[in-house]
Structure formats: C-alpha cells, structure tokens
Amino acid sequence: MSQVNSAKKVYDVCVIGSGAGGGTAAKVLTEGGLSVVMLEAGPALNPDKDFKEHVWPYELPHRGAGIGGKARQAFSEFLAPNGFWEIDGEPYTTAPGSSFRWFRSRIEGGRTNHWGRIALRFGPADFMARSTDGMGDDWPITYDEIEPYYDKVESYIGVFGSKENVPNAPDGVFLPPPKPRCTETIIKKACDQLNITCIPSRLAILTKEVNGRAACHYCGECGRGCITASNFSSSQVMIPPAHATGRFTMIPNAMAREIVLGKNGTAEAVSYIDKTTRSEKRVYAKSFVVAASACETARLLLNSKSASFPDGIANSSGVIGRYLTDTVGSSLAGYFPQLEKVPPHNHDGVGGMHMYMPWWRFGKKNDFLRGYHIEFGGGRGMPGIGGFDGVCAEYEGYGSSLKQKCRSHYGTVIGFSGRGEMIPNENCYCDIDPTVLDRWGIPVLRFHWQWGDNELKMARDMQETFRSIIETGGGKVLVGHRNADEGNATIEKYVGDPLLAGRSSISEGGTIIHELGTVRMGNNPKTSVLNKNCQAHDVKNLFVADAAPFVTNPDKNPTLTIMALSWKTSEYLLDQAKKGEL
Amino acid sequence: MSGKVISRRNILKSLTIGAAAGSVMQVIPLEAAKYAHGVIAAEKTGTAGEYQPKFFPPQQYKTLQVLCDTIFPADADSKGAVEAGAPEFIDLLTSENSDYQLKLGGGLMWLDSTCTDRYGKTYLDCDRQQQKEILDLIAYRKSAVSDPSVSQGVQFFAFLRDMTADGFFTSKIGIEYLGYIGNTFLTEFPGCPPVPGV
C-alpha cells in the first residue's frame, strides 16, 4: 500500500486521541513548530450545538432521563457528549469471575468534555511508592522533575485552590477558590472537630478570566460542557491553539487499528478505519504519540503485531496491559435536618465541590497502605431525574403529604465519596480477547479484575470515616432501601469483618473511570514499556501520552498528571526532533 | 455579597471582549450566548394540543393520569403532576423501554384485574373509597408482607411513584414548588447565606 502511494504526505507527528493527553501534545508540538495530524475515533465537537448548558429539564421531552429512561441508571442526557459504558458495535469482554466496566468517549476532547475537573497534583511520595512502603514500584521520574510541568499546565488551563502545605498534596498555581456553600460549611465544621483536613477543592474551573476565557458564571453544571469554556476541556482549550498554528490536521471518526512498523524498526504509519466510509486508510508520520486512553492505547499496541513484535509493538517485555488499576471508590450519604431551615437561595456554585478532604493521615500508621481523599456534595442543586427516589422509598404513600416531604427533604442530603489508591496486582490486567471482534474488525479487550485486600480495608475505612463525619455534623446516615417484599427499609446490619465490609461497599472495577497503568514507564526494559520520557524502549519514535504510562494510581485524580506528563513528553519529543534523533 | 445576575447584554459584551483580547477560543459565536441564556426552542410546545399517548391505550392512559394526580395532587401550594406533564413523560419513556412496559403496562393491568376481583369493576369505575382502599394497600411495603397477594402491586406502585416524582419535580411547576433558585449567570458566587446552626 505504501509503495503504491508515492505522493503520500508524511506528518512530523501523528497523535492518536484528542483527550487530555492528546490535546496537550497537539498544542505543545504544533506551537513548537511541528506538523501534527490527530486521529479521533469519534466526531468533531460543536459546543454551540452539542452542549446542553442552561437547559431546564422540562425543555426536553425526556427531562434528562434519556431515551427509554437509560440515563436514569447512570449519568444524564444533559451531560456533554460523553459516550457510555457500552458503545454499539464496540464491545469489550470480562474474564470469568472478573467484574470490570470501561467507560469510553468517542468525541473530540474525549472524557474531558464532562469530567469532574478535579485537578490534584501527585505528591513526592506518590512517585516513590516502593521506596516508601515496599509495595508496587517507583516511577522513573521524581516529583521535582514533573513539578515545572504542573506549573505550566495549571498556569495555562486555570485551576482554583488554596495554599495549604498539606503533606504529599502539593499546592499549585492557583486562582482564588469560590466561597463555600451551606453544605460545605456544615461539613467543614464537623471535620474540624474530627481533625480531618477539609480545604478548598482544586478544580480546573476559572474564577478569573484566563487567556481570554471568561470566568465561571456559577451555573453549577460543568458536566454539561461550558459554552464559555470557563472550565477545562481539551476540545475547547488544547485543540483551538493547535489549530491556530496552521500546522494541525484533525481526522475525526478515525478508529486506529494498527501502528505499522517500518523496515528500519521504527513506526511509519497508523492504519485506521474511517468510520464514515467503513474503509481502511493510512496516515504517515515521523513520530507517533498514542493517547487513546490507557486501555485503548494498550489495545492498539497489542493489536499492532509484526515479525519483530509478535506480541504487539514495543511489547518485548510482555507487560502491555498489565499493572491495570482503577481508583478505590466507596460512598455514603447523610441527611442533615438543619438544612431544612435554610431558605431558598442560589446554591449552584461551580460544577463540583468547593471543598474537599485531602488524605489527612499521611505518614501515620493505618491498617492499610497509601490513602484516599474525600469528595462530597449535595444541597439545593437543580432537581433532576431520580432525585426523589430516596424520599419516596422512605415515606411511601402518596398525596400532598408526600409532596411536602419531598419539598422539606429537598437539598438536605450530602453524599460522600472516597477516592483511594489501588496497588497494582497480578490479577488485574487487560489482554486481547481471542474470539471477539468489534464492528470495525478489530480484536477487542478482555478485562481481568480482582481487588486486593488493601483496597477492601481502605473501603471499609472510608465507610467509617463518612459515618463519623455525618454523625458529627448532626446528620443521619442514609442506608439503601430494600426490596418491597422484605417489608422494612431501614434495618442496617453491622458488618464486623473489615474485608467483608469493604467488599460490600467498594466500587466495581473501572467505574471510577481512573483506569490506568497498562503501558507503564520504568528504567528497566524488561519490566516496563516506556522510558522516563514516555518513549518506547523498543521503538524510539513511539510515545505514549495518556495515563497508560503511570506507575502508580495515587488518590489524586489522574487528569492533571496526564497533562503535565504529556507536556513533558512533548517537549522531549520536540527536542529530539530538532536534533534529528527521530 | 449578593451574586449579581448578568444581563444578556453584559454576557454578549464579555464574550466580545474575550474574543478581542486574543482568546484561544477563537470567536465564541453569538448564538452560543443565546443558547446559554436558555432561550433554546423547546422541543415540546407546552400543552398546546391534546397529547397522543405513544404506548398506553386510552383507558390505561386515563388511569395513569388519575394515579399521577393522586400521587402528587394539585393543592394550595402548587398544581399537580398532570399539569406538570408527568403522564406524557412516563408514556414517552415507557414507549421506548420494554422493561417499563412490563412494570407499568403490566402494573396497570394488574390494578384493574385486582379491582375487578375485589370490587367487580376497574380502578377508574371504583368509587373514591374503594380507590383509596387499594392504594392504601399498595403504597406501602409492609402490605407485601401482611397480604402477599398485593406484593406485585406494591412493586408497581413504588416504581410509578418514582417516575411520577421524576415527571413532577423536573417540571417548571415542580421546580418552583421546591424553591430551586439557580441555572443562571452570576458574576460572583455569594456562598451560604447566614442561617442559624449552619
């Protein structure tokens, strides 16, 4: 094919994926003078048309529930175009005994269109896991090496927060944080009594104008996408400056199938499926940056087989797909009667929490390793689908009295979510399913998953912490309502065994949508795929710029670090390209 | 302290300034600001014209309407679930979801059969006292234990109640009833107003 087309265009760099990592690479590389072609597996985005910001539920026939009530179970039709757990014609499988869910966004900007905007730096100890507690591995880079890139990313995208000097939760370049809501005032007081650190959150939302992007207007609906780009999305903040250089080409609806190895042992092209015509095409480049999201990146590399790499390109170590982790999640909600006295007022704020609890027991002796942070929210937000299921189940009945109960309970619930670090284990990985193809003819991923005991203990600890915060704050813990045939909704059983308690409250693998670590970096080519510059040990013009290179999955959400690492990788690539090394 | 609501004129102005100041956003189209103000054309034009149910046959749809209005009735504080469009919303979703068709379509059939067994007529033809009697049974989980013959009805009613709550509280009527204030433009977020104990 390549011999036939003699007039083929060769770009400097081909970037696969347009999310946090791909978008950052496109900006840095094009502004550095290189020509970049980007493959995106979904359509281009038009915020003006595609974002449902400021729409009231009654303006849509489905009221936010989606067709057939599909969004009643998860997410809402108001969210920015965001994909789902299942995509028609693009399945994945789970191995027997494993439970794992994989959320994918096939759209320009990927998951950054709707993400939670939580922008936390990893701390120095997070890069030195093995040196700190003997588990997992150290990164091949230190905090000091990535710190300047955190500075660059935060300065460019805008992150609010406050200087706090919390151990291992480094402060950043911050815009001023918004004032706390009533719910946050209550919880802050409770945390103060319990000596739990509760500080302004750190979100990629503008509280002041940055680079011509308007400050937040406090409608509280960042997840819908922001037409004034007052929060961070790759589609609105990274892709536009790449376009502005005149050196950027975006190919939407392009599903990468294989990275093609050239005769000299470097990558020379990407074969992709043009979804609009169902035909296979190729794009040529001098270097490749894969940023398709950790598992999709692993899938692409594993599917890129050749005589030199029978187990997938750059996979001489055999570790591609291994070291898969997600965040440990657990949640609990409380009812706070004092909120019934709060008069109606605008409680929206930014689209996310104004305060949070970073890991406050760092360096202390716990019955598990590593730590977690706590996110919380609730109060008088825009009423939505499913919002009254709990009140209806608790009070039952019907009529004006139930209506009044709904009104008095509205805005009185605060939910807590723990987000903790998972330690990689040998039972968690993805590989290629030997029998299943997607509709484009590409072999699909198969997931293997088991939480370890450390994660279960951590989830149990989260539950106990939530309970103490709720009770100290004057609230009552809300428990799940059982099936009608059990007759009683409020009996709660105490579970004494910590592992059992953890198992009953821990999230399903993948559902926190922080899956990462599948193409990890390291100094040893036998146990890692990428070197410290996120460059493949085996193929020097192949780089990875999403969360696949991560060696650990600390309790800090990955997106900010994806961008900082991608920025660092891209500057290295620029430097190598200028020196003619690629 | 109080958050100022931005006027349409101001938002257009700020967008223009953003573009002129060398925004990385290129130019934000003016239509975007219009969109942001929530003046998008509603896909549905209120209650003009009789709604034609997509799933429920006429008799069942009438029963659905009566049940919705019993669950969240009009009272001195607000209009009820029917004015809020709950039956239309429930019918639309049910027409698209076979599970809802079983739960709600089947549930309404169950209600009529049960009323026929007990009172010799369908729910709509029952008098108020009979209707209250059967609803007071199926509206509570404890009935499923005390009278297993209504356990399916309890499940049905619990689901219908959730769906009616969705339809009611996502309507303009329901949102105003709750006193939700927001979904607008503020230049500054004022934080929590002073409330004793909070």
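The values are calculated or read from the model by the stated rules, or taken from the named source; none is laboratory data. Computed from a predicted model, the values in this text were never measured in an experiment. Here Cβ is always computed from backbone atoms with ideal geometry, including for glycine, and neighbour counts include all displayed protein chains.
Consider residue A:474 carefully, then state whether it is modelled with pLDDT of 75 or more and within 14 Å of chain B (Cβ to nearest Cβ). Taking the combined requirement at face value, the residue satisfies it. Residues in the stretch B:168-198 that are in a helix (DSSP H, G or I) and either more than 7 Å from chain A (Cβ to nearest Cβ) or in contact with a Ser or Thr (Cβ under 8 Å, 6 or more places away or on another chain) (or both): B:168, B:173, B:174, B:176, B:177. Scanning the stretch A:568-582 for residues that are surrounded by fewer than 24 Cβ atoms within 10 Å (Cβ to Cβ) and either touching a helix residue (DSSP H, G or I) at 6+ places or on another chain (Cβ under 9 Å) or in a strand (DSSP E or B) (or both) returns A:571, A:574, A:577, A:581, A:582. Pairs linking a residue in the stretch A:91-108 that is surrounded by 22 or more Cβ atoms within 10 Å (Cβ to Cβ) to a residue that is assigned to a strand (DSSP E or B) and hydroxyl-bearing (Ser, Thr, Tyr), with Cβ atoms under 6 Å and 6 or more positions apart or on different chains, are A:100/A:94. With the condition kept exactly as written, say whether any residue in the stretch A:212-227 is acidic (Asp, Glu) and more than 23 Å from the chain's Cα centre (by Cα). Checked against the condition, which is being acidic (Asp, Glu) and more than 23 Å from the chain's Cα centre (by Cα), the stretch A:212-227 yields no hits at all. Is it the case that some residue within the stretch B:95-107 is free of Cβ contacts under 8 Å to residues at least 40 places away in the same chain and either more than 14 Å from chain A (Cβ to nearest Cβ) or in a loop (DSSP other than H, G, I, E, B) (or both)? Within the stretch B:95-107, one or more residues are free of Cβ contacts under 8 Å to residues at least 40 places away in the same chain and either more than 14 Å from chain A (Cβ to nearest Cβ) or in a loop (DSSP other than H, G, I, E, B) (or both). All of B:186, B:178 fail the test of being within 19 Å of the chain's Cα centre (by Cα) and under 30 Å from residue A:339 (Cβ atoms), apart from B:178.
Do you know which of the residues in the stretch A:65-87 that are within 14 Å of chain B (Cβ to nearest Cβ) and in a loop (DSSP other than H, G, I, E, B) is surrounded by the fewest Cβ atoms within 10 Å (Cβ to Cβ)? It comes out as A:73.
When we screen A:164, A:145, A:154 for residues that are in contact with a strand residue (DSSP E or B) (Cβ under 8 Å, 6 or more places away or on another chain) and among the acidic types (Asp, Glu), the only hit is A:164. Of note, residue A:117 satisfies the criterion of being of a type in the set (Lys, Arg) and under 24 Å from residue A:230 (Cα atoms). For the stretch A:165-180, state whether one or more residues are surrounded by fewer than 20 Cβ atoms within 10 Å (Cβ to Cβ), touching a residue at least 60 places away in the same chain (Cβ under 8 Å) and part of a helix (DSSP H, G or I). No, the stretch A:165-180 contains no residue that is surrounded by fewer than 20 Cβ atoms within 10 Å (Cβ to Cβ), touching a residue at least 60 places away in the same chain (Cβ under 8 Å) and part of a helix (DSSP H, G or I). Just checking, how many residues over the stretch A:207-236 are hydrophobic (A, V, I, L, M, F, W, C), at the interface with chain B (Cβ under 7 Å from one of its Cβ atoms) and touching a residue at least 60 places away in the same chain (Cβ under 8 Å)? The number of residues fulfilling the criteria is 3. Residue under question is residue B:119, and the condition is that it be aromatic (Phe, Trp, Tyr) and modelled with pLDDT under 95; does it hold? For residue B:119, the condition - aromatic (Phe, Trp, Tyr) and modelled with pLDDT under 95 - is not met. Exactly one residue out of B:128, B:118, B:141 is at the interface with chain A (Cβ under 7 Å from one of its Cβ atoms) and either among the charged types (D, E, K, R) or in contact with an Asp or Glu (Cβ under 8 Å, 6 or more places away or on another chain) (or both), and it is B:141. Looking only at residues of the stretch A:282-299 that are β-branched (Val, Ile, Thr) and not in a helix (DSSP H, G or I), we find that the one that is surrounded by the fewest Cβ atoms within 10 Å (Cβ to Cβ) is A:283.
Among residues of the stretch A:255-274 that are under 16 Å from residue A:10 (Cβ atoms) and aliphatic (A, V, I, L, M), those with a beta-carbon under 9 Å from a residue that is modelled with pLDDT under 95 and surrounded by fewer than 20 Cβ atoms within 10 Å (Cβ to Cβ) at least six positions away or on a different chain give the pairs A:260/A:2; A:269/A:1; A:269/A:2; A:269/A:8.
Residues are listed down the side, and each one gets a yes or a no for (1) more than 10 Å from every other protein chain (Cβ to nearest Cβ); (2) at pLDDT 95 or above:
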{"site": "B:36", "(1), (2)": "no, no"}
{"site": "B:42", "(1), (2)": "no, no"}
{"site": "B:48", "(1), (2)": "yes, no"}
{"site": "B:53", "(1), (2)": "yes, yes"}
{"site": "B:56", "(1), (2)": "yes, yes"}
{"site": "B:66", "(1), (2)": "yes, yes"}
{"site": "B:72", "(1), (2)": "no, yes"}
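Filter the stretch A:397-411 down to the residues that are assigned to a helix (DSSP H, G or I) and of a type outside the set (A, V, I, L, M, F, W, C) and list them by number. Residues satisfying the conditions are A:400, A:401, A:403, A:404, A:405, A:407, A:408, A:409. Is it the case, given these coordinates, that residue A:363 is more than 10 Å from chain B (Cβ to nearest Cβ), outside any helix (DSSP H, G or I) and at pLDDT below 95? Here the answer is yes, as residue A:363 does meet what is asked.
Screening residue A:195 on (1) on the phi > 0 side of the Ramachandran plot; (2) touching a helix residue (DSSP H, G or I) at 6+ places or on another chain (Cβ under 9 Å) shows it passes everything except condition (2).
Of everything in the stretch A:384-406 that is among the charged types (D, E, K, R) and surrounded by 19 or more Cβ atoms within 10 Å (Cβ to Cβ), the residue that is farthest from residue A:464 (Cα to Cα) is A:403. Going residue by residue through the stretch A:241-255, is there one that turns out to be part of a loop (DSSP other than H, G, I, E, B) and in contact with a helix residue (DSSP H, G or I) (Cβ under 6 Å, 6 or more places away or on another chain)? Yes. Every condition in (1) crowded, with 17+ Cβ neighbours inside 10 Å; (2) under 19 Å from residue A:359 (Cβ atoms) is met by residue A:135 except one, and the failing one is (1). Screening residue A:62 against (1) within 14 Å of another protein chain (Cβ to nearest Cβ); (2) assigned to a loop (DSSP other than H, G, I, E, B); (3) in contact with a helix residue (DSSP H, G or I) (Cβ under 6 Å, 6 or more places away or on another chain) leaves a single unmet condition, (3).
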